[in-house]
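Structure, as structure tokens:
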Amino acid sequence: MKESSPLPPGQVEIDDFPRFGLATFAFRFPAETERIEIAVDGDVERPMRFAEELQTLERVEQVSDLHCATTWTKRGLCWGGWRFRDFYEQLVVPRVQPEADAALVVLRGQDGLAQSLPLEDTLAADVLLADRLNGEPLGVDHGAPIRFVAPAHYACKSVRHLNAVEFWRDARNYRFPGPRWLMNPPRARVMYEERGSVFPPWVFRTLWPLMIPPVRWLYAQGLRRRQKRAWAAAACKAKR
Ligand SMILES: Nc1nc2c(c(=O)[nH]1)N[C@H]1C(S)=C(S)[C@@H](COP(=O)(O)O)O[C@H]1N2
Ligand SMILES: [Mo]
């Protein structure tokens, strides 16, 4: 089912949906792909880990588009999971008790990616913690066991393999693991074409599409290498 709304400025629709992302993370995979656990920390009263507690939140399904800053858009993805807002209001606030002015959210993936967003952006109704995609459990290619999804922001903010969320008062507690100008605008809002910092959007619009084929290739190599290792491990087990 295709959405009929126009694409955001500078985006091009793709039909396939391969694993993609920051080149640095192409060969990194989560250690845990089944069990969901999210550690919450930062300027908070009581750091905590949440696992089964997530099941107490209302489950939601949502169809939304994923826009990568390199200009590709995958439309009509059906995510299943929980609203980040419910997670924050019903679990984090009462139990972890962040400081009232802890308004910077840091999201970490098991592969080492860290991203940040203003708290206000994460509380939008379409921001999810997703463990399902198109009616199936989230695969390792798209973020197993759970992924942050923020459709109004470029996909770099939609951290796969999410395992930690931090609430900080001060942006100095957050460091992007990579060159700052690269893919780390503070909000990366699709509507305002905040594709990157330092340079104007047209620079990224022009140069980044060149990155799509090599990054796709790297990410496919990453999956292939992981698959080979899994086969080797299975064969080794069978011999014993
Ligand atoms: N953990 C993690 N999450 C990530 C990335 C990454 O490298 N590591 N890349 C981001 C970028 S830049 C994009 S475009 C999307 C791609 O999502 P997909 O792999 O589901 O297509 O994941 C985002 N989330
Ligand atoms: Mo991206």
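Any read-out appearing in this document is the output of simple, stated calculations on the displayed coordinates, not a laboratory observation. Predicted model, so just to flag it, every value in this text is computed and none were measured. Every residue, glycine among them, receives a Cβ derived from its backbone with ideal geometry; neighbour counts consider all protein chains shown.
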Next item on the list: For segment 48-55, take each phi angle, set θ = phi - 60°, evaluate the Karplus expression 6.51 cos²θ - 1.76 cosθ + 1.60, and give the result in whole Hz per residue in order, putting x for glycine and proline.
Entry: 8, 10, 10, 9, 4, 4, 4, 5
Item checked: Cα-based convex hull volume of the chain per residue, rounded to whole Å³ -> 138 Å³
Next item on the list: Hand me the trypsin sites (Lys or Arg not before Pro) from segment 87-196 located in a DSSP loop with no more than 15 other Cβ atoms within 10 Å, in residue order please.
Entry: 169, 175
Notebook entry, point to check: With θ set to phi - 60° and the Karplus curve 6.51 cos²θ - 1.76 cosθ + 1.60, what are the ³J(HN,Hα) couplings of segment 7-12 in order, to the nearest whole Hz, using x for Gly and Pro?
Noted result: 5, x, x, x, 9, 10
Note to self: Need one number: nm distance between label points at residue 32 and residue 239, each 7 Å from Cα along Cα→Cβ, rounded to one decimal.
What the structure shows: 3.1 nm
Note to self: Taking every pair of distinct Cα atoms and averaging 1/r, then inverting, what Kirkwood hydrodynamic radius in Å comes out for segment 86-165?
What the structure shows: 13.1 Å
Notebook entry, point to check: What list of ³J(HN,Hα) couplings, whole Hz, do you get for segment 221-234 from phi and the Karplus terms 6.51, -1.76, 1.60, once you set θ to phi - 60° and write x for glycine and proline?
Noted result: 4, x, 4, 4, 5, 5, 5, 4, 4, 5, 5, 4, 5, 5
Check: Hey, what did the chain get for relative contact order, percent, Cα under 8 Å, at least 6 apart?
Finding: 25 percent
Next item on the list: Please provide three numbers in whole Å: the alpha-carbon extents of segment 195-240 along the principal axes, with the largest listed first.
Entry: 58, 18, 8
Margin query: Rounded, prolate or oblate, given the Cα gyration tensor of segment 1-77, with a/c below 1.5 counting as rounded?
Written below: prolate
Next item on the list: Hey, could you grab the Kirkwood Rh for segment 110-240? Inverse mean 1/r over distinct alpha carbon pairs, Å, one decimal.
Entry: 17.0 Å
Item checked: Extension gain, residue 46 back to residue 60 (0.36 nm per residue minus Cα-Cα distance, nm) -> 2.3 nm
Next item on the list: Compute the normalised compactness of segment 164-240: alpha-carbon radius of gyration over 2.2 N^0.38 Å, N being the residue count.
Entry: 1.69
Check: Antiparallel DSSP bridges in the chain: what percent, to the nearest 5?
Finding: 85 percent
